[in-house]
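The values are calculated or read from the model by the stated rules, or taken from the named source; none is laboratory data. All values derive from a computational prediction rather than experimental measurement. Here Cβ is always computed from backbone atoms with ideal geometry, including for glycine, and neighbour counts include all displayed protein chains. With ligands, DNA and RNA removed, areas are computed over all heavy atoms of the protein, side chains included. Shrake-Rupley method; radii C 1.70, N 1.55, O 1.52, S 1.80 Å.
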Amino acid sequence: MNVVIPSLVSTIFVPMINIILNKGKDKAAWQLHPWIFSGAIDKLDGKPQNGELVTVFNSENEFIAYGVYNENSRVAVRLLEWHPDRKVDEMWWRNRVQRAVALRTHLLNDQNNTARLIFAEADFLPGLIVDKYGDYLSIQVHSSGVENVKDIIIDELVKLIAPKGIYERSDLKSRGHEGLLDTNGLLYGELPPQFVEIIENGIHYQVNIIEGQKSGFYCDQRENRMLTASYAKGKRVLDCFCYSGGFTLNAFKAGAASVVSVDSSALAIDTLVKNVINNGFDANQHSAIQSDVNKFLRELGKQQEKFDLIILDPPKYAPSRSSLEKASRAYKDLNRRGLMLLESGGLLATFSCSGAMDIDTFKQVVAWAALDAGREIQFIRQFTQPEDHPIRASFPEGEYLKGLLVRVV
(Lines give C-alpha, C1' and ligand atoms only; values in the text may rest on other atoms or scores of the structure.)
Protein backbone atom coordinates (compact mmCIF):
# COMPACT_ATOMS: atom_id res chain seq x y z
CA MET A 1 0.00 0.00 0.00
CA ASN A 2 1.25 3.49 -0.86
CA VAL A 3 -0.03 6.76 0.46
CA VAL A 4 0.54 9.67 -1.88
CA ILE A 5 1.41 12.94 -0.19
CA PRO A 6 -0.63 15.69 -1.85
CA SER A 7 1.30 18.33 -3.75
CA LEU A 8 2.09 21.26 -1.49
CA VAL A 9 1.84 24.89 -2.41
CA SER A 10 4.23 27.40 -0.91
CA THR A 11 1.76 28.61 1.67
CA ILE A 12 2.89 31.45 3.97
CA PHE A 13 1.42 31.21 7.43
CA VAL A 14 0.53 34.73 8.48
CA PRO A 15 -0.44 35.30 12.13
CA MET A 16 -3.68 37.29 12.11
CA ILE A 17 -4.39 37.33 15.84
CA ASN A 18 -2.38 38.88 18.66
CA ILE A 19 -2.20 37.56 22.21
CA ILE A 20 -1.38 39.89 25.09
CA LEU A 21 0.12 38.44 28.27
CA ASN A 22 -0.65 39.53 31.78
CA LYS A 23 1.83 41.87 33.40
CA GLY A 24 4.67 39.93 34.97
CA LYS A 25 3.82 36.71 33.08
CA ASP A 26 6.32 37.19 30.24
CA LYS A 27 9.63 36.32 31.93
CA ALA A 28 9.79 32.67 30.86
CA ALA A 29 8.80 33.53 27.29
CA TRP A 30 11.57 36.15 27.06
CA GLN A 31 13.96 33.44 28.27
CA LEU A 32 12.92 31.22 25.33
CA HIS A 33 10.75 28.79 27.25
CA PRO A 34 8.34 27.38 24.63
CA TRP A 35 5.14 27.21 26.69
CA ILE A 36 2.58 29.91 27.49
CA PHE A 37 0.00 28.67 29.99
CA SER A 38 -3.61 29.78 29.66
CA GLY A 39 -3.49 31.65 32.98
CA ALA A 40 -0.75 33.94 31.64
CA ILE A 41 -2.98 35.36 28.88
CA ASP A 42 -4.66 38.72 29.41
CA LYS A 43 -6.54 39.03 26.12
CA LEU A 44 -6.82 37.90 22.53
CA ASP A 45 -7.76 40.32 19.78
CA GLY A 46 -9.88 37.70 18.04
CA LYS A 47 -10.70 34.00 18.21
CA PRO A 48 -7.88 31.86 16.78
CA GLN A 49 -8.55 28.33 15.63
CA ASN A 50 -6.73 25.50 17.37
CA GLY A 51 -3.30 25.15 15.78
CA GLU A 52 -3.41 28.63 14.25
CA LEU A 53 -0.31 30.81 14.26
CA VAL A 54 -0.51 33.80 16.63
CA THR A 55 1.75 36.66 17.70
CA VAL A 56 2.52 37.02 21.40
CA PHE A 57 3.14 40.40 23.06
CA ASN A 58 3.80 41.44 26.62
CA SER A 59 1.57 43.83 28.55
CA GLU A 60 3.47 46.80 27.11
CA ASN A 61 2.76 45.63 23.57
CA GLU A 62 6.34 44.47 22.91
CA PHE A 63 6.78 41.56 20.50
CA ILE A 64 7.89 38.32 22.18
CA ALA A 65 7.40 35.46 19.74
CA TYR A 66 5.24 33.64 17.22
CA GLY A 67 3.48 30.48 18.38
CA VAL A 68 0.54 28.16 17.78
CA TYR A 69 -2.61 28.47 19.87
CA ASN A 70 -4.91 25.86 21.38
CA GLU A 71 -7.87 26.82 23.54
CA ASN A 72 -8.33 23.27 24.90
CA SER A 73 -4.86 22.91 26.32
CA ARG A 74 -3.42 24.20 29.57
CA VAL A 75 -0.42 25.06 27.40
CA ALA A 76 -2.41 27.61 25.41
CA VAL A 77 0.47 28.70 23.15
CA ARG A 78 3.50 26.69 22.03
CA LEU A 79 6.13 29.21 21.00
CA LEU A 80 8.08 28.61 17.81
CA GLU A 81 10.06 31.68 16.76
CA TRP A 82 11.40 34.65 18.74
CA HIS A 83 12.76 36.71 15.83
CA PRO A 84 10.07 39.01 14.38
CA ASP A 85 11.51 38.90 10.85
CA ARG A 86 11.62 35.10 10.60
CA LYS A 87 8.20 34.12 9.33
CA VAL A 88 6.83 30.74 10.33
CA ASP A 89 5.99 29.56 6.84
CA GLU A 90 6.37 26.28 5.00
CA MET A 91 10.14 26.69 4.65
CA TRP A 92 10.46 27.43 8.36
CA TRP A 93 8.99 24.00 9.18
CA ARG A 94 11.09 22.28 6.53
CA ASN A 95 14.29 23.93 7.78
CA ARG A 96 13.60 22.86 11.36
CA VAL A 97 13.10 19.26 10.24
CA GLN A 98 16.27 19.39 8.14
CA ARG A 99 18.33 20.73 11.03
CA ALA A 100 17.09 18.12 13.52
CA VAL A 101 17.82 15.24 11.14
CA ALA A 102 21.26 16.61 10.22
CA LEU A 103 22.27 16.62 13.90
CA ARG A 104 21.66 12.84 14.11
CA THR A 105 23.26 11.52 10.92
CA HIS A 106 26.56 10.68 12.65
CA LEU A 107 24.68 8.31 14.99
CA LEU A 108 23.53 6.08 12.13
CA ASN A 109 25.92 3.41 10.87
CA ASP A 110 26.22 -0.36 10.43
CA GLN A 111 26.14 -0.82 14.23
CA ASN A 112 23.19 1.52 14.85
CA ASN A 113 20.38 2.11 12.37
CA THR A 114 17.90 3.48 14.88
CA ALA A 115 17.68 6.91 16.52
CA ARG A 116 15.27 9.64 17.53
CA LEU A 117 15.35 12.09 14.63
CA ILE A 118 13.09 14.76 16.15
CA PHE A 119 12.57 15.33 19.87
CA ALA A 120 9.74 17.85 20.10
CA GLU A 121 10.52 21.03 22.07
CA ALA A 122 14.22 20.14 22.30
CA ASP A 123 14.41 20.50 18.50
CA PHE A 124 12.18 23.60 18.44
CA LEU A 125 9.35 21.49 16.99
CA PRO A 126 6.94 21.25 19.94
CA GLY A 127 4.56 18.32 19.77
CA LEU A 128 6.51 16.23 17.24
CA ILE A 129 8.40 12.95 17.80
CA VAL A 130 10.06 11.04 14.95
CA ASP A 131 11.97 7.78 15.44
CA LYS A 132 13.94 5.89 12.80
CA TYR A 133 13.76 2.12 12.95
CA GLY A 134 15.82 0.65 10.15
CA ASP A 135 14.09 1.53 6.89
CA TYR A 136 10.93 2.85 8.59
CA LEU A 137 9.95 5.97 10.50
CA SER A 138 7.51 6.10 13.41
CA ILE A 139 5.91 9.47 14.10
CA GLN A 140 3.91 10.83 17.04
CA VAL A 141 1.99 14.13 16.88
CA HIS A 142 1.10 15.67 20.24
CA SER A 143 -0.10 19.14 19.23
CA SER A 144 -2.64 20.78 16.93
CA GLY A 145 0.06 23.05 15.52
CA VAL A 146 2.01 20.09 14.16
CA GLU A 147 -1.22 18.36 13.10
CA ASN A 148 -1.93 21.30 10.79
CA VAL A 149 1.45 20.98 9.02
CA LYS A 150 1.81 17.20 9.15
CA ASP A 151 1.78 16.84 5.35
CA ILE A 152 4.70 19.27 5.06
CA ILE A 153 6.69 17.40 7.71
CA ILE A 154 6.04 14.01 6.10
CA ASP A 155 7.02 15.35 2.68
CA GLU A 156 10.30 16.72 4.05
CA LEU A 157 11.10 13.48 5.90
CA VAL A 158 10.56 11.53 2.68
CA LYS A 159 13.00 13.81 0.85
CA LEU A 160 15.63 13.57 3.60
CA ILE A 161 15.41 9.90 4.62
CA ALA A 162 13.66 8.11 1.72
CA PRO A 163 12.15 5.55 4.12
CA LYS A 164 10.23 2.50 2.99
CA GLY A 165 7.30 3.70 5.08
CA ILE A 166 6.18 6.21 7.69
CA TYR A 167 3.72 5.00 10.32
CA GLU A 168 1.86 7.23 12.79
CA ARG A 169 1.45 6.17 16.42
CA SER A 170 -0.47 9.17 17.77
CA ASP A 171 -2.43 7.21 20.38
CA LEU A 172 -1.45 9.58 23.16
CA LYS A 173 -3.19 10.95 26.22
CA SER A 174 -1.68 14.36 25.45
CA ARG A 175 -3.69 14.59 22.21
CA GLY A 176 -6.88 14.69 24.24
CA HIS A 177 -5.60 17.80 26.02
CA GLU A 178 -5.27 19.41 22.58
CA GLY A 179 -8.75 18.38 21.46
CA LEU A 180 -7.30 15.83 19.04
CA LEU A 181 -8.48 12.27 18.51
CA ASP A 182 -6.10 9.31 18.60
CA THR A 183 -4.90 8.26 15.20
CA ASN A 184 -2.74 5.35 14.05
CA GLY A 185 -1.97 4.42 10.48
CA LEU A 186 0.25 4.54 7.44
CA LEU A 187 1.23 8.02 6.28
CA TYR A 188 3.63 7.12 3.48
CA GLY A 189 5.01 4.14 1.57
CA GLU A 190 4.79 0.54 2.72
CA LEU A 191 3.05 -0.70 5.84
CA PRO A 192 5.76 -1.94 8.24
CA PRO A 193 5.84 -5.71 8.62
CA GLN A 194 4.85 -7.19 11.98
CA PHE A 195 8.51 -7.13 12.99
CA VAL A 196 11.05 -4.66 11.62
CA GLU A 197 14.67 -5.61 12.19
CA ILE A 198 16.87 -2.89 13.63
CA ILE A 199 20.46 -2.80 14.88
CA GLU A 200 21.53 -1.05 18.09
CA ASN A 201 25.00 -1.42 19.62
CA GLY A 202 25.61 -4.15 17.05
CA ILE A 203 22.67 -6.17 18.41
CA HIS A 204 19.70 -7.15 16.23
CA TYR A 205 16.16 -6.48 17.47
CA GLN A 206 12.72 -7.29 16.17
CA VAL A 207 10.61 -4.14 16.65
CA ASN A 208 6.82 -4.07 16.40
CA ILE A 209 6.12 -0.51 15.24
CA ILE A 210 2.37 -0.95 14.91
CA GLU A 211 1.57 -2.65 18.23
CA GLY A 212 4.66 -2.12 20.38
CA GLN A 213 4.90 0.27 23.33
CA LYS A 214 5.25 4.01 22.60
CA SER A 215 6.64 4.35 19.07
CA GLY A 216 7.86 0.73 19.05
CA PHE A 217 11.19 0.74 20.88
CA TYR A 218 13.10 2.66 23.58
CA CYS A 219 16.17 4.04 21.85
CA ASP A 220 16.70 6.50 24.73
CA GLN A 221 18.44 3.72 26.70
CA ARG A 222 20.98 2.92 23.97
CA GLU A 223 24.05 4.23 25.83
CA ASN A 224 22.85 3.13 29.27
CA ARG A 225 22.45 -0.44 28.04
CA MET A 226 26.08 -0.52 26.97
CA LEU A 227 27.32 1.12 30.16
CA THR A 228 25.35 -1.28 32.36
CA ALA A 229 26.47 -4.29 30.31
CA SER A 230 30.11 -3.39 30.91
CA TYR A 231 29.59 -4.71 34.47
CA ALA A 232 27.81 -7.93 33.42
CA LYS A 233 30.62 -10.31 32.44
CA GLY A 234 30.29 -13.56 34.37
CA LYS A 235 27.38 -12.16 36.40
CA ARG A 236 23.91 -13.47 37.23
CA VAL A 237 21.62 -10.73 35.90
CA LEU A 238 17.98 -9.88 36.59
CA ASP A 239 16.39 -7.54 34.00
CA CYS A 240 13.07 -6.12 35.24
CA PHE A 241 10.58 -4.39 32.92
CA CYS A 242 12.70 -5.89 30.16
CA TYR A 243 10.35 -5.09 27.25
CA SER A 244 12.02 -6.50 24.10
CA GLY A 245 15.31 -7.16 25.87
CA GLY A 246 17.60 -4.15 25.49
CA PHE A 247 19.48 -4.67 28.75
CA THR A 248 19.24 -8.47 28.50
CA LEU A 249 20.83 -8.66 25.07
CA ASN A 250 23.60 -6.21 25.91
CA ALA A 251 24.37 -8.22 29.05
CA PHE A 252 24.67 -11.43 27.04
CA LYS A 253 26.89 -9.71 24.48
CA ALA A 254 29.16 -8.62 27.35
CA GLY A 255 29.42 -12.19 28.66
CA ALA A 256 26.79 -12.48 31.40
CA ALA A 257 26.64 -15.98 32.92
CA SER A 258 22.82 -15.96 32.99
CA VAL A 259 19.91 -13.54 32.66
CA VAL A 260 16.37 -13.64 34.04
CA SER A 261 14.10 -11.22 32.13
CA VAL A 262 10.71 -10.11 33.47
CA ASP A 263 7.88 -8.13 31.90
CA SER A 264 4.08 -8.12 32.23
CA SER A 265 3.53 -7.94 28.46
CA ALA A 266 3.14 -11.20 26.54
CA LEU A 267 4.10 -9.42 23.30
CA ALA A 268 7.28 -8.08 24.94
CA ILE A 269 8.31 -11.50 26.23
CA ASP A 270 7.59 -13.16 22.87
CA THR A 271 9.66 -10.52 21.08
CA LEU A 272 12.48 -10.86 23.62
CA VAL A 273 12.71 -14.62 23.13
CA LYS A 274 12.96 -14.09 19.35
CA ASN A 275 15.69 -11.49 19.88
CA VAL A 276 17.76 -13.82 22.08
CA ILE A 277 17.59 -16.59 19.47
CA ASN A 278 18.20 -14.29 16.47
CA ASN A 279 21.40 -12.96 18.05
CA GLY A 280 22.74 -16.44 18.66
CA PHE A 281 22.83 -16.25 22.46
CA ASP A 282 22.46 -19.43 24.50
CA ALA A 283 18.77 -19.82 25.34
CA ASN A 284 19.74 -22.22 28.15
CA GLN A 285 21.30 -19.28 30.00
CA HIS A 286 18.11 -17.25 29.73
CA SER A 287 14.77 -17.29 31.54
CA ALA A 288 11.94 -15.12 30.16
CA ILE A 289 9.14 -14.56 32.66
CA GLN A 290 5.78 -12.92 31.98
CA SER A 291 4.74 -11.50 35.34
CA ASP A 292 3.99 -8.37 37.28
CA VAL A 293 7.47 -7.27 38.32
CA ASN A 294 6.68 -6.36 41.93
CA LYS A 295 4.90 -9.68 42.46
CA PHE A 296 7.83 -11.55 40.92
CA LEU A 297 10.36 -9.73 43.12
CA ARG A 298 8.35 -10.69 46.20
CA GLU A 299 8.44 -14.34 45.14
CA LEU A 300 12.19 -14.19 44.54
CA GLY A 301 12.60 -12.72 48.03
CA LYS A 302 10.66 -15.58 49.57
CA GLN A 303 12.90 -18.04 47.72
CA GLN A 304 15.98 -16.12 48.92
CA GLU A 305 17.29 -15.79 45.37
CA LYS A 306 20.34 -13.59 44.83
CA PHE A 307 21.79 -11.80 41.80
CA ASP A 308 25.00 -9.94 40.97
CA LEU A 309 23.39 -7.28 38.75
CA ILE A 310 19.76 -6.12 38.72
CA ILE A 311 18.20 -3.66 36.26
CA LEU A 312 15.02 -1.78 37.20
CA ASP A 313 13.61 0.21 34.27
CA PRO A 314 9.94 0.80 35.17
CA PRO A 315 7.35 2.82 33.25
CA LYS A 316 6.64 6.44 34.18
CA TYR A 317 5.36 6.51 37.76
CA ALA A 318 5.12 10.32 38.02
CA PRO A 319 3.48 11.87 34.93
CA SER A 320 3.14 15.20 36.79
CA ARG A 321 4.40 16.90 39.95
CA SER A 322 1.05 16.27 41.63
CA SER A 323 1.74 12.53 41.45
CA LEU A 324 5.33 12.76 42.69
CA GLU A 325 4.67 11.79 46.31
CA LYS A 326 2.77 8.64 45.35
CA ALA A 327 5.36 7.82 42.70
CA SER A 328 8.21 8.23 45.20
CA ARG A 329 6.65 5.57 47.40
CA ALA A 330 6.34 3.24 44.40
CA TYR A 331 9.97 3.82 43.37
CA LYS A 332 11.14 3.29 46.95
CA ASP A 333 9.29 -0.01 47.31
CA LEU A 334 10.53 -1.27 43.94
CA ASN A 335 14.16 -0.40 44.71
CA ARG A 336 13.91 -1.85 48.21
CA ARG A 337 12.86 -5.20 46.77
CA GLY A 338 15.65 -5.06 44.21
CA LEU A 339 18.34 -4.22 46.76
CA MET A 340 17.29 -7.12 48.97
CA LEU A 341 17.96 -9.54 46.10
CA LEU A 342 21.57 -8.44 45.54
CA GLU A 343 24.65 -10.25 46.71
CA SER A 344 27.11 -8.22 48.77
CA GLY A 345 29.08 -6.19 46.24
CA GLY A 346 26.22 -6.54 43.75
CA LEU A 347 25.06 -3.75 41.47
CA LEU A 348 21.66 -2.17 40.91
CA ALA A 349 21.05 -0.15 37.72
CA THR A 350 17.86 1.73 38.50
CA PHE A 351 16.03 4.23 36.30
CA SER A 352 13.20 6.75 36.30
CA CYS A 353 11.65 8.16 33.13
CA SER A 354 9.42 10.54 35.12
CA GLY A 355 10.22 14.11 34.18
CA ALA A 356 8.68 15.32 37.45
CA MET A 357 11.38 13.50 39.44
CA ASP A 358 14.83 15.10 39.36
CA ILE A 359 18.05 13.21 39.98
CA ASP A 360 18.50 14.51 43.55
CA THR A 361 15.01 13.36 44.52
CA PHE A 362 15.65 10.01 42.88
CA LYS A 363 18.88 9.59 44.85
CA GLN A 364 17.01 10.31 48.06
CA VAL A 365 14.30 7.77 47.19
CA VAL A 366 16.92 5.08 46.51
CA ALA A 367 18.71 5.98 49.77
CA TRP A 368 15.44 5.52 51.67
CA ALA A 369 14.95 2.18 49.88
CA ALA A 370 18.41 1.05 50.99
CA LEU A 371 17.69 2.08 54.57
CA ASP A 372 14.45 0.07 54.58
CA ALA A 373 16.24 -2.89 53.00
CA GLY A 374 19.00 -2.78 55.60
CA ARG A 375 21.66 -2.37 52.89
CA GLU A 376 24.57 0.06 52.77
CA ILE A 377 25.04 1.47 49.29
CA GLN A 378 27.32 3.63 47.15
CA PHE A 379 26.29 5.62 44.08
CA ILE A 380 28.99 4.86 41.52
CA ARG A 381 27.52 6.19 38.26
CA GLN A 382 24.69 8.41 37.01
CA PHE A 383 22.82 7.74 33.77
CA THR A 384 21.03 10.20 31.50
CA GLN A 385 19.41 10.36 28.07
CA PRO A 386 21.54 10.18 24.88
CA GLU A 387 22.35 12.99 22.47
CA ASP A 388 19.45 12.24 20.14
CA HIS A 389 17.26 13.15 23.14
CA PRO A 390 18.90 16.54 23.84
CA ILE A 391 17.93 18.81 26.72
CA ARG A 392 17.21 22.34 25.56
CA ALA A 393 18.65 24.88 28.00
CA SER A 394 15.44 26.93 28.01
CA PHE A 395 13.26 23.82 28.43
CA PRO A 396 14.53 21.76 31.39
CA GLU A 397 11.27 19.78 31.32
CA GLY A 398 12.83 17.86 28.43
CA GLU A 399 15.17 16.12 30.88
CA TYR A 400 13.15 13.08 31.86
CA LEU A 401 15.44 10.02 31.88
CA LYS A 402 17.78 9.56 34.79
CA GLY A 403 19.38 6.56 36.42
CA LEU A 404 21.82 5.42 39.07
CA LEU A 405 24.30 2.59 39.29
CA VAL A 406 24.29 1.51 42.93
CA ARG A 407 26.72 -0.85 44.66
CA VAL A 408 25.79 -2.76 47.78
CA VAL A 409 28.72 -2.73 50.24
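Note on segment 324-349: residues that are more than 21 Å from Y218 (Cβ to Cβ) and among the polar types (S, T, N, Q) total 2. For segment 262-286, residues that are aromatic (F, W, Y) and either open to solvent by less than 10 Å² (accessible area, probe 1.4 Å) or part of a strand (DSSP E or B) (or both) total 0.
Of the residues that sit in segment 287-345 and are among the aromatic types (F, W, Y) and under 22 Å from the mean Cα position of the chain (by Cα), which one is least open to solvent (accessible area, probe 1.4 Å)? Give the derivation first.
Going residue by residue through segment 287-345, those that are among the aromatic types (F, W, Y) are 296, 307, 317, 331.
Going one step further and asking which of them are under 22 Å from the mean Cα position of the chain (by Cα), we end up with 317, 331.
On the way: Y317: 55, Y331: 1 Å².
The residue in question is Y331.
Taking the condition of being assigned to a strand (DSSP E or B) and open to solvent by less than 40 Å² (accessible area, probe 1.4 Å), how many residues in segment 24-66 meet it?
Residues that pass the stated criteria total 10.
Based on what the data block shows, is V207 in contact (Cβ under 8 Å) with a residue 12 or more places away in the chain, crowded, with 17+ Cβ neighbours inside 10 Å and over 17 Å from the mean Cα position of the chain (by Cα)? Write out each step before concluding.
Details: in contact (Cβ under 8 Å) with a residue 12 or more places away in the chain: yes; crowded, with 17+ Cβ neighbours inside 10 Å: yes; over 17 Å from the mean Cα position of the chain (by Cα): no.
No.
Across segment 163-180, what is the number of residues that are assigned to a strand (DSSP E or B), within 16 Å of the chain's Cα centre (by Cα) and hydroxyl-bearing (S, T, Y)? Number satisfying all stated conditions: 1. I'd like to verify a number: residues in segment 307-319 that are farther than 14 Å from L401 by Cα, out of contact with any Leu (no Cβ under 6 Å at 6 or more places or on another chain) and of a type outside the set (D, E), how many? Final tally of qualifying residues: 1. A single entry from S258, S230 fulfils the requirement of being at pLDDT 95 or above, in contact with a strand residue (DSSP E or B) (Cβ under 7 Å, 6 or more places away or on another chain) and open to solvent by 10 Å² or more (accessible area, probe 1.4 Å): S258.
Name the one entry in S244, S215 that is surrounded by fewer than 24 Cβ atoms within 10 Å (Cβ to Cβ), assigned to a loop (DSSP other than H, G, I, E, B) and within 19 Å of the chain's Cα centre (by Cα).
Details: S244 fails: surrounded by fewer than 24 Cβ atoms within 10 Å (Cβ to Cβ).
Unique residue meeting the criteria: S215.
Looking at segment 93-113, can you tell me whether even one residue there is closer than 30 Å to G134 by Cβ, out of contact with any helix residue (DSSP H, G or I) (no Cβ under 6 Å at 6 or more places or on another chain) and of a type in the set (V, I, T)? Spell out how you get there, then give the answer.
Applying the first criterion (closer than 30 Å to G134 by Cβ) to segment 93-113 yields 93-113.
Now restrict to residues that are out of contact with any helix residue (DSSP H, G or I) (no Cβ under 6 Å at 6 or more places or on another chain): 95-96, 98-99, 102-113.
So of that shortlist, the ones also of a type in the set (V, I, T) come out as 105.
Looking through segment 93-113, at least one residue is closer than 30 Å to G134 by Cβ, out of contact with any helix residue (DSSP H, G or I) (no Cβ under 6 Å at 6 or more places or on another chain) and of a type in the set (V, I, T).
The number of residues in segment 172-196 that are among the charged types (D, E, K, R), within 18 Å of E211 (Cβ to Cβ) and surrounded by 15 or more Cβ atoms within 10 Å (Cβ to Cβ) comes to 1.
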